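Student: Have a look at this one.
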Amino acid sequence: MAPTSRTILICSGKGGVGKTTLTANLGIALARLGLRTVVLDADFGLRNLDLLLGLENRIVFTAQEVLAESCRLEQALVKHKQEPNLALLPAGNPRMLEWLKPEDMKTIAGMLEEQFDYVLIDCPAGIEDGFKNAVAAAKEAIVITTPEVSAVRDADRVIGLLNTHGVKPVQLVLNRVRPKMMANQEMLAVDDVTDILALPLLGLVLEDEQVIVSTNRGEPLTLNGSKSPAARAYGNVARRLQGEEVALIDPSKEGRGLRAKVRRLMQKKIF
Amino acid sequence: MTLRDILDKLLRRQPASANTARERLQLVLAHDRSDLSPELLDQMRREIFEVVARYVEIDLDEGDVSLETEDRVTALVANLPIRRPLAVASGATGDE
Ligand SMILES: Nc1ncnc2c1ncn2[C@@H]1O[C@H](COP(=O)(O)OP(=O)(O)OP(=O)(O)O)[C@@H](O)[C@H]1O
Ligand SMILES: [Mg+2]
């Protein structure tokens, strides 16, 4: 095993809150820091990680053939052209779900841990078999949620399950934050979410149109040194994982105009 | 209390939805985490009242048994104002 290898599950409970986007961007960001990183698509039902990384046409073998020992791990790993420190282990076909066991995921992760500093597992939504398989391989986890009641509630369920599986540490990424809505108190505040879930905040990603643009192209935002807010946020998550202290942005302090000032005044606790 | 809260009250506006969201979440998570449905909690509340009422006279309108949650720890909190001790209660112990 690489002496410092870290296997991190990226999960949410609720679907569509940004797991795969985070996995792709964080994978690239860690690789750019010089760390050997592999992203493992554990969403066998609806795989997408290949698409977000722009690697969909380069897949020959998958985790399925590796487990069946019909190919070597090296043959299945897809190396990213521009960022050779990053590799993808693609998910096999959906029928894999019928026979895949938690032990199998452990086997795969074990193989990857021998060669990589970071193993990021893109978890499927939900808390059924797909989640149970993925969590078996995880040592630590990042729970991602949006500041919405349903997403936070589902995140709470997942955190409870991570605790029972002994996954530690578990950290939080809050995604799709809209500073204006937060300032107007029409969106759960950052503190509300971290207090309720009682997790340390690893990152805060603003709602950012560039995320969609980058998905269209199959080029994660962190790949080309984009200065967009989400790109910076993903980069900061990578640095914090590496133990660097990077200040979090304060969404309620976004904006300098008079409007923003009035908004802040209105929120100040007076008694 | 913030300026905004005061204005909301004065103008009889709905409070900002973030507050509502937080309160609703706290309630639903207390139930999720304890695996107690509102119906079960209700039943438990009635039974607790019954037991306590055998010993002291409690104010049912003011009394409350609810789930509260903080830092992922959920507690059952009972707040049962006592009107006065029941006369029978002291006799019930029977060792005077
Ligand atoms: N910060 C953001 N700003 C804007 N759009 C975002 C942001 N994060 C994610 N999205 C968009 O949200 C959608 C869902 O993202 P993604 O596929 O990463 O979620 P997921 O949790 O992996 O979903 P699933 O549960 O289906 O696997 C995508 O269309 C993505 O572009
Ligand atoms: Mg996904």
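Student: What helices (runs of 4 or more DSSP H) lie completely within region A:205-271 and have 2 or more residues being within 19 Å of the chain's Cα centre (by Cα) and surrounded by 15 or more Cβ atoms within 10 Å (Cβ to Cβ)?
Tutor: A:209-217, A:229-241
Student: Grab the helices (runs of 4 or more DSSP H) fully contained in region A:8-71, keeping just those with 1 or more residues being more than 10 Å from ligand 2 (Cβ to nearest atom) and within 12 Å of the chain's Cα centre (by Cα).
Tutor: Values: elements: A:19-32, A:49-52, A:63-67.
Where helices (runs of 4 or more DSSP H) fall fully within region A:8-71 and carry at least 1 residues being more than 10 Å from ligand 2 (Cβ to nearest atom) and within 12 Å of the chain's Cα centre (by Cα), they are A:19-32.
Student: Is there a residue in region A:25-43 that is at pLDDT below 95, open to solvent by 60 Å² or more (accessible area, probe 1.4 Å) and either charged (D, E, K, R) or touching a Lys or Arg at 6+ places or on another chain (Cβ under 7 Å) (or both)?
Tutor: No: region A:25-43 contains no residue that is at pLDDT below 95, open to solvent by 60 Å² or more (accessible area, probe 1.4 Å) and either charged (D, E, K, R) or touching a Lys or Arg at 6+ places or on another chain (Cβ under 7 Å) (or both).
Student: Which of (1) without any contact (Cβ under 8 Å) to a residue 60 or more places away in the chain; (2) assigned to a loop (DSSP other than H, G, I, E, B); (3) under 22 Å from residue A:16 (Cα atoms) is the odd one out, the single condition residue A:124 does not satisfy?
Tutor: Every condition holds for residue A:124 apart from (1).
Student: Pairs under 6 Å by beta carbon, first residue away from ligand 1 (no atom under 16 Å from the Cβ) in region A:163-176, partner open to solvent by 40 Å² or more (accessible area, probe 1.4 Å), six or more apart or different chains?
Tutor: Here the result reads A:171/A:200, each pair linking region A:163-176 to a residue that is open to solvent by 40 Å² or more (accessible area, probe 1.4 Å).
Student: Considering region A:180-204 alone, what residues qualify as being open to solvent by 30 Å² or more (accessible area, probe 1.4 Å) and either assigned to a helix (DSSP H, G or I) or in contact with a Gly (Cβ under 8 Å, 6 or more places away or on another chain) (or both)?
Tutor: A:180, A:181, A:191, A:195 - these are the residues of region A:180-204 that are open to solvent by 30 Å² or more (accessible area, probe 1.4 Å) and either assigned to a helix (DSSP H, G or I) or in contact with a Gly (Cβ under 8 Å, 6 or more places away or on another chain) (or both).
Student: Could you tell me whether region A:199-218 includes any residue that is within 14 Å of chain B (Cβ to nearest Cβ) and either more than 19 Å from residue A:20 (Cβ to Cβ) or not aromatic (Phe, Trp, Tyr) (or both)? Spell out how you get there, then give the answer.
Tutor: Narrowing region A:199-218 to residues within 14 Å of chain B (Cβ to nearest Cβ): A:199-200.
Now narrow it down to the ones that are either more than 19 Å from residue A:20 (Cβ to Cβ) or not aromatic (Phe, Trp, Tyr) (or both): A:199-200.
For region A:199-218, residues within 14 Å of chain B (Cβ to nearest Cβ) and either more than 19 Å from residue A:20 (Cβ to Cβ) or not aromatic (Phe, Trp, Tyr) (or both): present.
The values are calculated or read from the model by the stated rules, or taken from the named source; none is laboratory data. Computed from a prediction, not measured in an experiment: that's the story for all the values here. No Cβ is skipped: glycine too gets one built from the backbone with ideal geometry, and neighbour counts run over all protein chains shown. Heavy atoms of the whole protein, side chains included, go into the accessibility calculation; ligands, DNA and RNA do not. Shrake-Rupley method; radii C 1.70, N 1.55, O 1.52, S 1.80 Å.
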